[in-house]
Structures are given as structure tokens and as C-alpha cells.
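A quick write-up on the structure given underneath.
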Amino acid sequence: VTSEHPVLCVRRKNIRTRNGTDKEKLESVMPEYIEAKDLNEGDYLVFSYIKEIKDNETYTRDFCRLLGYYLAEGWVNEGGGRNRDGANVSFAFHSDEKELIDDVASLSIKFTGKKPSIRERKNIGKVTEVTICSKKLALQLGSLCGRGAHNKKLAEELMLLPIDKQKEIIEAYVNGDGS
């Protein structure tokens, strides 16, 4: 995790006794989110798993893969630009990542019926930018995953999807240089 990543934990100092851990306090204390950089040795990390699964047919495995690419490499452009309609979504890949570029282009056609704009950004290294001119898609990705590198996170409804769909998000995120 990154240093500012929130981690659910119980501070050791809140449950410590002279001889160890107060088990009653451990069971009654509420965990809190702490940035990873502020954790101390001995703090208890709290892990939970989702017991509830809510599938949503709108979010196909292909759409989940696009979400993963957006988390790793995408951003929403609002107003002007290639889409006078008000918004579009772009992805930046290393130019050698042809398979990922082609996959996003294919997903663009599947979800919007439009071929994306693909251009080399030679002024900033070997970067290929893929832009999908679709206000609807741009707004949907932005609302489900946030906007701006530091503000991106998955909407709760995505966290409840079946594991095979979550796996598509994670694999595309990792393949797209996510961290």
C-alpha cells in the first residue's frame, strides 16, 4: 500500500495492559482507519470480507476490465477537446503495450459504437493516448471510480460484484501499471 492508503486497525495502545493485551478491550474497541504511514509496530490490522454479493448485469466482465484500465491509466476530460459534447475519457499507455491499447480500442467500440482516437505523445516519451469520445461513458467511469489519480476508488456497488468480475478489474488495473 502507499503511505497515505487508509488501513483499518486497532491501535495497540488502546488495548494494551501491563502484561499484554486486554481481550475485553480488543473485542469492544472500534477499529479506525489510519494512514499506513501512521501505523506502529504492534497495531492490529483488521481484515474483513464481504459476505454479501450483489451482481449487476450492467457491469459485464468486459466493462469491469475497462474499469480496471481506467483506474490505472485513465482520466475524464470535461468540456471541449475532441468531444464538444462535454466529456470524454482518455487512457495513457506505454507505446509498447499494443495489446492493452487494442483491448481498450475494442472495448470502446463495444460500449460506444465508436472507434477511439489513438495518438502517439512523442513530446512526453513513448506514450500512446487512447481517447473515447463518449460523455455517457466518461461520466459513468468517473462516478464509479472517481476522478484524479489521488481520488480514485471503487464505488461500493463494485466491491459487491461476484469475484470473477472483481478479478477483471484487478487484472486490468495491474496490467495497466496500477499500483
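Taking the stretch 64-155, how much of its Cα-Cα pair set, in percent, is spaced more than 24 angstrom apart?
Percent of Cα pairs beyond 24 Å in the stretch 64-155: 13.
Which of THR21, SER106, HIS94 sits closest to the plus end of the dipole of the stretch 1-130, meaning its Cα is farthest towards the positive end, when Lys and Arg get +1 and Asp and Glu get -1 on the C-beta?
HIS94
Please compute the modelled spin-label separation between ASP177 and ASP38, points set 7 Å along Cα→Cβ, answer in nm with one decimal.
Each label point is offset 7 Å from its Cα along the Cβ direction, giving 3.1 nm.
Using only the heavy atoms of the protein chains and a 1.4 Å probe, how would ARG18, ARG12, ARG61 rank by accessible area, largest first?
Per-residue accessible area, sorted high to low, gives ARG18, ARG61, ARG12.
Nearest 20 debye, what's the magnitude of the dipole of the chain about its Cα centre given +1 on Lys and Arg Cβ and -1 on Asp and Glu Cβ?
Result for the chain is approximately 400 debye, rounded to the nearest 20.
Taking all protein chains together and a probe of 1.4 Å, list VAL127, VAL89 from the most accessible to the least accessible.
VAL127, VAL89
At 7 Å along Cα-to-Cβ for each site, give me the label-to-label distance between SER48 and ASP22 in nm.
That separation, rounded to one decimal, is 2.3 nm.
Round to the nearest 10 and report in Å² the accessible area of ASP55, as given by a 1.4 Å probe over the protein chains' heavy atoms.
For ASP55, solvent-accessible area is about 90 Å².
What is the sum of charges around GLU52, taking Lys and Arg as +1, Asp and Glu as -1, for the other residues whose C-beta is under 12 Å from the C-beta of GLU52?
Within the 12 Å Cβ shell, the charges total -1.
At most 13 other C-beta atoms within 10 Å and a DSSP loop state: those are the exposed GluC sites (Glu not before Pro) I care about. Give me the longest piece of the chain that has none.
Formally, the longest exposed-site-free interval is 58-179.
Calculate for the chain the 222 nm mean residue ellipticity that helices alone would give, adding -39,500 (n - 2.57) per DSSP H run of length 4 or more and normalising by residue count, nearest 500 deg cm²/dmol.
Values: 6 runs with 62 residues, N = 179.
One gets -10500 deg cm²/dmol as the mean residue ellipticity at 222 nm.
For the stretch 108-179, take the convex hull of the Cα atoms, compute a quarter of its surface area, and give me that in nm², please.
6.0
Using a basic spin-label model with each label point 7 Å from the Cα along Cα→Cβ, how many nm lie between ILE109 and SER95?
Result for the modelled spin labels: 2.4 nm.
The values are calculated or read from the model by the stated rules, or taken from the named source; none is laboratory data. Quantities reported herein were computed from a predicted structural model and do not represent experimental measurements. Using ideal geometry, Cβ is built from the backbone for each residue, glycine included, and neighbour counts are taken over all protein chains shown. Surface areas here come from the heavy atoms of the whole protein model, side chains and all, with no ligands, DNA or RNA. Shrake-Rupley method; radii C 1.70, N 1.55, O 1.52, S 1.80 Å.
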